1. Could you say whether any residue in region 100-113 is of a type in the set (Phe, Trp, Tyr) and in a helix (DSSP H, G or I)?
2. Quick one: GLY229 ticks every box in (1) more than 11 Å from the chain's Cα centre (by Cα); (2) over 25 Å from ARG140 (Cα atoms); (3) open to solvent by less than 30 Å² (accessible area, probe 1.4 Å); (4) at pLDDT 60 or above bar one, so which box is it?
3. With respect to ILE76, determine if the residue is farther than 25 Å from ALA217 by Cβ and of a type in the set (Val, Ile, Thr).
4. Would you check which residues across region 75-124 are over 13 Å from the mean Cα position of the chain (by Cα) and either at positive phi or among the acidic types (Asp, Glu) (or both) and list them?
5. Count, please, the residues in region 147-174 that happen to be in contact with a Pro (Cβ under 9 Å, 6 or more places away or on another chain), open to solvent by 50 Å² or more (accessible area, probe 1.4 Å) and assigned to a loop (DSSP other than H, G, I, E, B).
6. Examine region 195-211 for a residue that is in a strand (DSSP E or B) and of a type in the set (Ser, Thr, Tyr), and state whether such a residue exists.
7. Report yes if some residue within region 21-30 is outside any helix (DSSP H, G or I), polar (S, T, N, Q) and modelled with pLDDT of 90 or more; otherwise report no.
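The values are calculated or read from the model by the stated rules, or taken from the named source; none is laboratory data. Just so it is clear, the structure is predicted and the values come from calculations on it, not from any experiment. We place every Cβ from the backbone using ideal geometry, glycine too, and count neighbours over all the protein chains shown. Accessible surface areas use protein heavy atoms only, side chains included; no ligands, DNA or RNA. Shrake-Rupley method; radii C 1.70, N 1.55, O 1.52, S 1.80 Å.
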Amino acid sequence: MHKNGPMAISGIEKLDRQLQEILGAYASWEEALHRAVWVVMGDSGQAPIGPSRSQALIYLRSLLSRYRISKLGKRIEKNDQLFVCVNERMTYIYALYDNLPLFEVAAYLQGDKRIGVIAWKEDDRIQVRGGGKESALAFRPNGPYQDHYRQTWRLNGDASLLDIQITGEDIEYNDYPDVLVRLYGALYSHPGRFLVITAKPGCEFVGESSPTHLNGAGHGAASQGGLFGAHDYCRNRNSSKAFPGRRHKRVGTSVNSISWKSLYY
């Protein structure tokens, strides 16, 4: 759904008609609320994508053209070096050979300033770089710095790459909420040698055949604009077993709908 304009209103009206049709299947709407808990939420569309193809779309196959990238739906060939998994505003990039340095791939990605976060595992640390930036950050759990969630971390390097402010021993997250545990969870969620990259606001990645959302909206990435979505719970007020009506925030996005906390703890 588009962020604003006639398309947004049209989408809401269409959803409203569909909800009426579903609720109308019951004898009354009151009965529908009494017999079931209703959860309404959106998939994607939290983060607007710009209208300009040349500015909003990050073509990864072109950016990584020096490497042989495996084709989707085909067997991995002997000479293939990378496998790219695009999820709109975030991407996993897998190295298919142990002798292909991840930092080398990251260096090519750093050349595009539309990329927000570039991260990978190295020994016992997470390495972080940023598009259009030369500085570096490394972090791991269990250190002298503590965030708002009472998670402790050891950080070395430029914390501004993740828009983190450190005051004394306190960590404050800004545009990337709870980003340390989210990146840690994304990179330790499964085995392999790979990078996690996210796009800056207004941009999204394009792989071999991934859809694009120019002048629309998408999901993914690590910034707060693409992270939060509304969960609306509807129930009968007399039902003690139903969820209370309230709004929730999402905790992640593949960096999408995975809760990084559940992976980390």
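1. Yes - at least one qualifying residue is present in region 100-113.
2. (4)
3. yes
4. Passing the criteria: GLU77, ASP80, ASP98, GLU104, ASP112, GLU122, ASP123, ASP124.
5. Residues in region 147-174 being in contact with a Pro (Cβ under 9 Å, 6 or more places away or on another chain), open to solvent by 50 Å² or more (accessible area, probe 1.4 Å) and assigned to a loop (DSSP other than H, G, I, E, B): 1 in total.
6. Yes.
7. Within region 21-30 (the criterion being outside any helix (DSSP H, G or I), polar (S, T, N, Q) and modelled with pLDDT of 90 or more), the answer is yes, since at least one residue qualifies.
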